[in-house]
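Nothing in this text is a laboratory measurement; each read-out follows from the coordinates by a stated rule. The model shown is predicted, which means the values in this text are computed figures rather than measured ones. A quick note on method: Cβ atoms are made from the backbone with ideal geometry, for glycine too, and the neighbour counts reach across all protein chains shown.
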């Protein structure tokens, strides 16, 4: 894929970004972050997650954030949910889309969810069924698609297995996560060589962390296979609290610049992206994070 194609960037900073930030981020700050991001023109913003706040403290107050944000008709505001209880919270908050998550490796599934892959998928089948009954769109995440901090390199067949099951449950899109950011472009190509034998690339998205400084190159590799949706986090916020060694997501502003150089359209306002990145920088400075 080259030239003037249209690319969608899904902003995950308020959720996947903030969940790993040190110190408490108050509701006003979270609302402010979502508002400045909405000014950028994103079609989808992941606002937070309805998870147990004792597990992920930064996600406490997600329902209140949804209540206080000013919703734009051209932006879908989504939330991550782990189970039926989380779905109840998301429905009460009137989210526009939910995301569910599974792991391609047993080690990370145990560390992140406390259950096996098979058991996690059983739970997600219930969540997606209930969501479909209310016509709520569901996006799926698959973690550790290239390498796992517990199990080492991930076999592509394992990713195919989980991806196909999530699509079968009714997920309209699967976001493939290099959760610890150790993947190389050749690893990405190896995965897609196998995955595209069974899955349409239009049903896939890329989610690359930048731990090893290769996220942009990995995005470029996925682009070669027709993937046109990529997750990013403003200011490079984030990482996963259950994945040792996971640094921030790839920065939204860097992804935008890369696609601009390639002649691809994202529909985003570059000046607004700069303002949002500055908001994050000020947030971190106020929290003592530089």
*Using r as the Cβ-Cβ distance of residue 125 and residue 265, and R0 as 51 Å, what FRET efficiency do you calculate, to the nearest 0.05?*
0.90
*the chain: relative contact order as a whole-number percent, Cα under 8 Å and 6+ apart*: 23 percent
*asked:* Starting from the 7 Å offset along Cα-to-Cβ, what nm value, one decimal, do you get for the label separation of residue 63 and residue 155?
replied: 4.3 nm
_What distance in nm separates the two pseudo spin-label positions at residue 116 and residue 257, each 7 Å out from Cα along the beta-carbon direction?_
4.7 nm
*Under a 10 Å cutoff between Cα atoms, tell me which one of 13, 170, 114 has the largest fluctuation in the Gaussian network model of the chain.*
114
_Cα Rg over Rh - the range 30-80, Kirkwood_ = 0.98
*Subtract the Cα-Cα distance of residue 274 and residue 39 from 0.36 nm times their separation in residues, and report this length gain in nm to one decimal.*
83.5 nm
*What does the convex hull of the alpha-carbon atoms of the range 79-216 project to on average, in nm²?*
7.9 nm²
*Mind pulling up the Rg/Rh value for the range 117-158? Radius of gyration and Kirkwood radius, both on Cα.*
1.11
*Distance in nm between label sites at residue 74 and residue 172, each 7 Å beyond Cα in the beta-carbon direction?*
1.8 nm
*Starting from the alpha-carbon convex hull of the chain, give the projected area averaged over all orientations, in nm².*
13.1 nm²
